[in-house]
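Trainee: One structure, pasted below without further comment.
Just so you know, all these numbers are worked out from the coordinates, no wet-lab data involved. These numbers come from a predicted model, not from an experiment. Because the Cβ atoms are built from the backbone with ideal geometry, glycine has one as well, and the counts that use them run over all protein chains shown.
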Amino acid sequence: MKATLVVFVFTLVVLVAGAVQAQTDAEAAGPETPNAEAETPTDDEDEAFLKGGGEEEQTEKDKETEDDAAYLEDREKAEIEAPEEEKNIGRYEDPKTPFYSVGARVRWLMVPEWFIKMFGAAIDHPKGEERHLLVSNIGAGPEFTYRKDGFDITAAIWYAGLNWTATTAFKEDGEDDNSWEVVENDMRAIMITVDFIWSTALADWFAITYGAGLGLGIKWGDIIETDSWADENGRFVEKCPVRCKTDVNCANEYGGTCQVDEDYGTVWDKVPVVPWVNFLFGMRFKPHRHFAIYVDAGFGLGFQWGGRLAYIF
């Protein structure tokens, strides 16, 4: 009986101990977790996920790259087109390329009295009037220019006023006081000239110019000489009356001048054409590829100041 009771008690203790151990193990393991094998994604699923996300990210990057490329392309176009616009007003000239232009010139032609006196002439006016310019007129006309490598050949046909209006008497230096002759000048000319002009560019729009011009003038208008008389001081007074050409008494009336063998309205026709030689210095401005402006001065048979406007085609 005692043995049976001992076995029963031992069995009961073992059962209780087993239950307690099972409860302890359950608490230590925590709450029940999902099946790891069922929930964990496979390698293929991971690759597919990463590939999908990568493609989306790559698409965004490609879009940004395309936008950047389009922006840069537009910017480059703008930068390229700007110089093309400037070429329309560009002044650069290829030295190997010939340029042609048509234009017009306007020049102030003048001959100072001191310039004539340099050649041994004396000049006087009535009542001792002082004048500085013997000739002061305008010249104007069309022109054509061939230009290459900074060198111009300009052919022009232009009008030149060579006359003067003031009563002017001349004689040679050293002649006696009775040698004054009034010279009336109504001469004008159509000039046919060629200018050879070099230029040194300081910028694509500005250059210094220098050269020479040659030509001939087809003249009209007369130069008329008439003998004149002087006062007791040897100064020119006025021209002799035309009657003195045949009146021997004029010599007594006008102090020994106004002789019958002198000039009375004689046309001076020793120069059938007007020779033209001058040296030019000036500046050339090119504000646009189709336009050039010349400002120049020259001297030769007198002096000139003026400007030229050329259309380059």
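Trainee: Given labels modelled 7 Å from the Cα in the Cβ direction, how far is it in nm from Phe196 to Met283?
Mentor: So the label points at Phe196 and Met283 sit 2.7 nm apart.
Trainee: Taking the Cα-to-Cβ direction at Phe291 and at Glu172 and moving 7 Å from each Cα, how far apart do the two end points lie in nm?
Mentor: 5.4
Trainee: What is the sum of charges, Lys and Arg at +1 and Asp and Glu at -1, for the other residues whose Cβ falls under 14 Å from the Cβ of Tyr146? Intermediate values should be presented prior to the final figure.
Mentor: Working: positive: Arg147, Lys148; negative: Glu93, Glu143, Asp149, Asp152, Asp195.
Net charge around Tyr146: -3.
Trainee: Can you sort His290, His132 from fewest to most other Cβ atoms within 10 Å of each residue's own Cβ?
Mentor: Details: His290 13, His132 9.
Result, fewest neighbours first: His132, His290.
Trainee: Next question, about the same structure. Calculate the spin-label point distance for Tyr311 paired with Trp220, positioning each point 7 Å from the Cα along the beta-carbon direction, and give it in nanometres.
Mentor: For the pair Trp220/Tyr311, the computed spacing is 2.8 nm.
Trainee: Continuing with the same structure: Percent of Cα-Cα pairs more than 18 Å apart in the range 229-295, please. Please list the in-between numbers first.
Mentor: Working: 1401 of 2211 pairs.
Within the range 229-295, distances greater than 18 Å cover 63 percent of Cα pairs.
Trainee: Can you give the net charge of the other residues whose Cβ lies under 11 Å from the Cβ of Ala160, counting K and R as +1 and D and E as -1?
Mentor: The answer is +4.
Trainee: OK, next. What full-extension length gain, to one decimal in nm, is calculated for Ala104 and Asn249 as 0.36 nm per residue of separation minus the Cα-Cα distance? Intermediate results must be reported in sequence, preceding the final value.
Mentor: Values: separation 145, 0.36 × 145 = 52.20 nm, distance 5.59 nm.
Gain in length upon complete extension: 46.6 nm.
Trainee: Once you've got the Cα coordinates, tell me which of Lys127/Lys219; Lys127/Lys171; Lys127/Lys245; Lys96/Lys219; Lys148/Lys219; Lys245/Lys270 are over 28 Å apart. Intermediate values should be presented prior to the final figure.
Mentor: Values: Lys127/Lys219 32 Å; Lys127/Lys171 17 Å; Lys127/Lys245 24 Å; Lys96/Lys219 40 Å; Lys148/Lys219 33 Å; Lys245/Lys270 22 Å.
Over 28 Å Cα-Cα: Lys127/Lys219; Lys96/Lys219; Lys148/Lys219.
Trainee: In the range 126-181, which trypsin sites (Lys or Arg not before Pro) fall in coil by DSSP and have 15 or fewer other Cβ atoms within 10 Å? If you can, show how the numbers build up before the last one.
Mentor: On the way: sites: Lys127, Arg131, Arg147, Lys148, Lys171; in loops: Arg131.
Loop-located and lightly packed - Arg131.
Trainee: Sticking with this structure for a sec: What number comes out for the charge environment of Glu172, summing +1 per Lys or Arg and -1 per Asp or Glu over other residues with Cβ under 13 Å away? Walk me through the numbers before you get to the answer.
Mentor: Working: positive: Lys117, Lys171; negative: Asp124, Asp173, Glu175, Asp176, Asp177, Glu181.
Spelling it out: positives minus negatives among the neighbours equals -4.
Trainee: Only Lys, Arg, Asp and Glu count, each charged at its Cβ (+1, +1, -1, -1), so figure out the dipole size of the range 162-221 about its Cα centre, rounded to 20 debye.
Mentor: Values: 3 positive and 10 negative charges, 102 e Å.
It comes to approximately 480 debye.
Trainee: What's the FRET efficiency of Ile157 with Ala203 using the Cβ-Cβ distance as r and R₀ = 25 Å, to the nearest 0.05?
Mentor: Once the sixth-power term is evaluated, E becomes 0.20.
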